[in-house]
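The block underneath contains the structure these notes are about, expressed in C-alpha cells.
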Amino acid sequence: MRRDVFQAIADPIRRDIIELLATETLSVNEVAEKFKISRPAISKHLKILNECGVIKFNQIGRVRLCLMQPQKLIPAFLWINQYNKLWENRIDSFENYINELQTKNEKK
C-alpha cells in the first residue's frame, strides 16, 4: 500500500505523535508511555508515520528512536495553507456583516 502525508495526519493519535516528536526524539516505548492506548496500537501508528515518511526509525542497540522528518509535512502544509486565505476572507466578511447588523440595531 502506498501511503502519503495526508494519511499520516488523518488520525488524531498520529497528529498527537507528530506534535510530540516535533519537540524531541523519543524511543518507541517513550512514545507509547505518553498515550492511554496499547503499545501495539502505538506501534501501528508509528509504522504508518514511517511509511508516510513523516518519521524514521534509528536503531541504537535494542532501542528504536523515532526521528521526525518535518520536510515531509510540507505538501500538507501547502495544501492547507491555500485555504487559509479563503477562510480568513470569509470570516472577515461575516464579522463585517455582524458589525453592520449591530450598528443598525443600535440606531433603532
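Results, tabulated for the structure shown:
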item: Between 0 and 90°, nearest 10: helix 12-23 axis offset from the chain longest Cα axis; result: 80 degrees
item: Qualifying aspartates and glutamates (Cα of each under 16 Å from Cα of residue 104; at least 8 residues distant if same chain); result: 95
item: Cβ-defined net charge surrounding residue 68, 12 Å radius [Lys, Arg +1; Asp, Glu -1]; result: 0
item: Sites matching GluC sites (Glu not before Pro) across the stretch 1-92 that sit in DSSP coil, with at most 14 neighbouring C-beta atoms within 10 Å; result: 24
item: Mean Cβ count within 10 Å, highest first, over the residues of peptides 7-17, 92-102, 72-82; result: 7-17, 72-82, 92-102
item: Crossing angle, helix 74-107 versus the chain [Cα axis fit, 0-90 degrees, rounded to tens]; result: 30 degrees
item: Distribution of pairwise C-alpha distances over the chain, 10 Å bins, in %; result: 13, 35, 20, 13, 11, 7, 2, 0
item: Dipole moment magnitude, nearest 20 debye, the chain about Cα centre, only Lys, Arg, Asp, Glu C-beta charged; result: 440 debye
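Each value in this text was obtained by applying a stated rule to the coordinates, not by laboratory testing. Fair warning: this is a prediction, and the values are worked out from it, not measured in the lab. Note that we place each Cβ from the backbone using ideal geometry, even for glycine, and neighbour counts take in every protein chain shown.
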